[in-house]
1. Considering amide H positions built from the backbone, and no H for Pro or chain starts, which residues 5 or more places from Ser409, or on another chain, come under 5 Å of its amide H?
2. Largest first, please: the extent of the C-alpha atoms of region 46-115 along each principal axis, to the nearest Å.
3. On a 0 to 90 degree scale, rounded to 10, what angle separates helix 2-17 from the longest Cα axis of the chain?
4. Can you send over the solvent-accessible area of Arg139, 1.4 Å probe, protein chains only, in Å² to the nearest 10?
5. How large is ³J(HN,Hα) for each residue in region 413-422, as worked out from phi by the Karplus curve 6.51 cos²θ - 1.76 cosθ + 1.60 (θ = phi - 60°), to whole Hz, x for Gly and Pro?
6. Taking amide H positions as placed in the peptide plane 1.01 Å from N, state which residues far from Ser129 in sequence (5 or more) or on other chains have amide H under 5 Å from it.
7. In whole Hz, what ³J(HN,Hα) sequence does region 185-201 give by Karplus (6.51, -1.76, 1.60; θ = phi - 60°), x for Gly and Pro?
8. Which cross-chain or sequence-distant (5 or more) residues have an amide H under 5 Å from the amide H of Tyr91, H modelled 1.01 Å from N in plane?
Amino acid sequence: MRRVYLSLIALFATCLFATPAQAAPVLCDKYASTTIQGGRYVVMNNVWGADTAQCIDVNQNGGFTVTQAAHNKPTNGSPAAYPAIYAGCHYATCSTGSNLPMQASASGFGALRSTVSMTYPSSGAYNASYDIWFDPTPRTDGQNTGAEIMIWLTRQGSVQPVGSQVGTVTLAGGTWQVWYGNIGWNVISYVRTSPATSLDFTINTFYADAISRGYAQRSWYLTSVQAGFEPWVGGAGLAVNSFSFGSTGGGTDTTPPSTPGTPAATGTTSTGTTLSWAASTDNVGVAGYDVLRATGDTFAVVGSSSTTSFTDTGLSPATTYRYRVRARDAANNLSPESAATTVTTLSGGGGGGCTATGAVQNSWSNGYVVQPVTVTNTGTSAKSGWTVTFTLPAGHTITGSWNATLTVSGSTVTARNLGHNGALAPNASTSFGFQASRPEGNTQAPSGYTCA
């Protein structure tokens with residue numbers, strides 16, 4: 001027993017003190033951390049989900065290597081650890097010079113940028129991911145309660161993010177599955193469909209997408225940007241070769257995005273239309289799109305979108321409009337404008353206008369019922385039929401409807417009357433309803449009801 005005891009002490013000492021601490025410390029304690037580059041970054045071992053051994057060899061140039069990992073956790077549960085390098089504050093341990101926390105509405109937020117280069121072993125079960133934290137307050141200690149943005153560059157084994165997949169998106173030069181779940185805070189995970197060993201992106205590229213889906217808010221504060229690994233099984237050989245975080249300086253990126261595709265119109269009514277187009281690409285990442293509209297020769301911006309679709313409302317019946325789109329990146333470089341598409345709104349039908357208003361009758365954590373959607377003939381003559389359009393939030397799905405026929409195109413839902421409720425005298429009303437599912441914890445509801 002004595003020999004075993006002494007051997008364990010020797011192993012522990014070797015793990016902790018294999019090289020001088022000031023040169024390249026080896027961290028084996030569960031929650032050990034150290035600063036590098038004069039405090040600019042913090043490297044942490046962070047074995048938060050297991051009691052198995054893990055050691056990391058810190059690289060003073062900006063990374064670390066997992067040299068020992070004895071993890072063997074079920075891949076349908078939480079990981080064993082998150083060894084990582086970060087800028088900002090994590091449970092009151094803060095790096096220097098990061099300017100974090102920073103509110104996402106601040107003028108400098110769009111210029112925040114990070115890069116990473118990683119190496120992966122062929123064995124084990126793990127992900128390689130950024131973990132980017134937001135809080136409603138400028139928190140420097142404790143658990144953040146706003147949004148956790150996870151960017152998975154790769155994964156091995158049967159591991160998956162929190163929640164369920166709610167979509168796909170093209171960002172930062174790659175295509176990503178988008179996952180959403182809530183574990184006391186919103187977890188939005190972007191899982192790359194083809195593995196990558198490096199990434200160079202602006203923080204706002206992914207955060208703007210999370211905001212557009214209703215999972216984050218511009219008023220929240222970025223508290224830390226972390227890059228590392230979540231191992232479930234094994235983990236030795238995982239390495240961050242280099243990491244950086246800072247500001248692009250506003251003028252570093254001078255390359256504009258490519259020209260987006262020509263917009264196509266769907267769900268056109270007397271007062272609105274929905275446009276969609278092929279995505280633009282950019283050397284850093286597309287931050288969003290501007291939509292331009294013209295009724296004559298001059299185009300003007302009428303709205304913006306962080307996705308490749310946009311619903312334009314408040315249009316005049318029986319009017320021809322032309323649309324173009326352009327892309328922009330976080331440095332406000334603008335792409336060339338796309339080719340134009342022409343859209344003519346409907347006349348309104350039956351000589352009279354109409355309105356539509358919807359009310360949520362009942363809701364629960366992952367679904368709701370809208371009843372009634374009231375359709376009223378506001379014209380001076382009878383209507384022989386009506387069409388109502390509205391916008392369905394991202395991740396929501398229509399699961400049933402009554403007193404109308406519903407079709408879905410992107411985020412636009414079109415409801416048309418049935419045979420028994422299409423005729424409306426002036427000032428007369430009818431109604432329909434529907435049920436929808438939504439991601440757990442999401443509180444959004446459909447909006448933008450228009451009628452023709």
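The values are calculated or read from the model by the stated rules, or taken from the named source; none is laboratory data. These numbers come from a predicted model, not from an experiment. Glycine gets a Cβ as well: all are built from the backbone with ideal geometry, and neighbour counts include every protein chain shown. Only protein heavy atoms, including side chains, enter the accessible area calculation; ligands, DNA and RNA are left aside. Shrake-Rupley method; radii C 1.70, N 1.55, O 1.52, S 1.80 Å.
1. Thr414
2. That works out to 45, 30, 23 Å along the principal axes.
3. Taking the Cα atoms of the chain, the angle to 2-17 is about 60 degrees.
4. For Arg139, the solvent-accessible surface is approximately 70 Å².
5. Result, rounded to whole Hz: 10, 10, 10, 10, 4, 8, x, 8, 10, x.
6. Close amide H contacts, sequence-distant or interchain: Leu153, Gly228, Phe229, Glu230.
7. 8, 6, 10, 10, 10, 10, 9, 5, 6, 10, x, 9, 9, 8, 7, 9, 7
8. Gly142
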